[in-house]
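Quick notes on the structure that follows.
What follows draws every value from the coordinates through simple rules; no lab data is involved. Just so it is clear, the structure is predicted and the values come from calculations on it, not from any experiment. Here Cβ is always computed from backbone atoms with ideal geometry, including for glycine, and neighbour counts include all displayed protein chains.
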Amino acid sequence: METEGAYLFSVKEKEQQTPVGHLWFNVLEQEKGPVAFILDILIYDEFQGQGYGQAAMTALEEKVRELGLNRIGLHVFGHNQRAFRLYQKMGYTVTDIQMFKTLERYP
C-alpha cells in the first residue's frame, strides 16, 4: 500500500543485511513549511546500543535533504531516556512538553 508523503524503511545490518528495525515518517505541511515527521523508529531489543538508531537517523537526514526538506520532527516519550539522549546528541531540541495528572476516583 502506498500513501503519498509516507515513507517506511527497513533498518538493516550492513554485512548480512539482517533487518534490525524500521523507520517510518510522513511529510506534513505546517505553518513554517513542510516537515518530515517521524511516526515510528524501532530498533529491535537485541540490536539496541550498537549504533543502528543513530545510523537510521543519519540516513533519514539524507533522505529528507533529497526530498528538498530542511526540518525533521518527532515525539519521544518521557520514559525513553535512551532515545531522548540520542536525539539531543544529534541536534534535536525540545519544543513542547505535555503533562498529565491522574486523578483518584470518587468513592
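Structure notes:
- Model label sites at His22 and Phe100, defined 7 Å from Cα along the beta-carbon direction, differ in position by 2.4 nm.
- When only the Cβ of Lys, Arg, Asp and Glu is charged (+1, +1, -1, -1), the dipole of the stretch 6-90 relative to its Cα centre reaches about 260 debye.
- Where the Cα pairs of the chain fall when distances are cut into 10 Å bins, in %: 12, 41, 30, 11, 5, 1, 0
- The stretch 80-96 residues near the modelled Lys32 label - backbone nitrogen below 16 Å, point 7 Å along Cα→Cβ: 88, 91-96
- Taking 0.36 nm per residue of separation and subtracting the Cα-Cα distance, full extension of the segment from Glu13 to His79 would add 21.1 nm.
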